[in-house]
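**Q** Quick one: the structure is below, questions incoming.
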Amino acid sequence: MNNLTSKLKKFRNALNNIDFDHIYHYDAGDCESKRYIVWQEEGEGESNYTNNRLDNQVIQGSVDLYVVDEFDELIDKIQESLDKDSIAFTLLAVQYETSTGFIHYTWQWEVS
């Protein structure tokens, strides 16, 4: 499947399977929630080419979770949802943002 839109929708749908209202694409805007998710596509991963043509395009992106409570259940829900939909992911970073009080989790994901 090389349809970029379908791959993005696959990722979006995996996140939307989480019973949670504050999921945003690119930017959370004026979100005042103390728990929210932001995701974005960032480029092409290691895609496959055959006979100088794109055979299978891999799309990479990141998903960020912002929470104020330690051990928030959304951490596991994100990973479980991506795993269930066969979306590859890696936890890249966890950091505490002193200026906002948020714990910020970042995963890199790939859809092929």
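**Q** Run the numbers for Lys9 and Gln95: contour at 0.36 nm per residue of separation, minus the present Cα-Cα distance, in nm.
**A** This chain segment gains 28.1 nm when fully extended.
**Q** So what is the relative contact order of the chain, in percent, for Cα pairs below 8 Å that sit 6 or more residues apart?
**A** Reported as a whole number, the value is 27 percent.
**Q** Same structure, new question: Helix 74-84 versus the longest principal axis of the chain: what is the Cα-based angle in degrees, 0 to 90, to the nearest 10?
**A** Between helix and principal axis, roughly 20 degrees.
**Q** What is the distance in Å between the Cα centroid of the range 85-108 and that of the range 1-46?
**A** A separation of 14 Å, based on Cα centres.
**Q** How would you rank 62-70, 30-38, highest first, on the average number of other Cβ atoms within 10 Å across their residues?
**A** 62-70, 30-38
**Q** Output the 0 to 90 degree angle, nearest 10, between the alpha-carbon long axis of helix 4-16 and the longest principal axis computed from the alpha carbons of the chain.
**A** Roughly 30 degrees, rounded to the nearest 10.
**Q** Can you tell me the length gained on complete extension of the stretch Asn16 to Lys34, counting 0.36 nm per residue apart and subtracting the Cα distance?
**A** Fully extending the segment from Asn16 to Lys34 adds 4.6 nm.
**Q** Okay, next question. Rg/Rh for the range 41-98 to two decimals, with Rh computed the Kirkwood way over all alpha-carbon pairs.
**A** So for the range 41-98, dividing Rg by the Kirkwood Rh gives 1.12.
**Q** Sorted from largest to smallest, which semi-axis lengths in Å does the alpha carbon gyration tensor of the range 4-111 give for its equivalent ellipsoid, taking the root of 5 times each eigenvalue?
**A** 28, 14, 13
**Q** So how strong a dipole does the range 1-111 carry about its Cα centre when Lys and Arg Cβ are +1 and Asp and Glu Cβ are -1, to the nearest 20 debye?
**A** 480
Bear in mind these aren't lab numbers, they're just calculated from the coordinates by the rules spelled out. These numbers were taken from a predicted model, which means no experiment stands behind them. In this analysis, Cβ positions are derived from the backbone assuming ideal geometry, glycine residues included, and neighbour counts consider all displayed protein chains.
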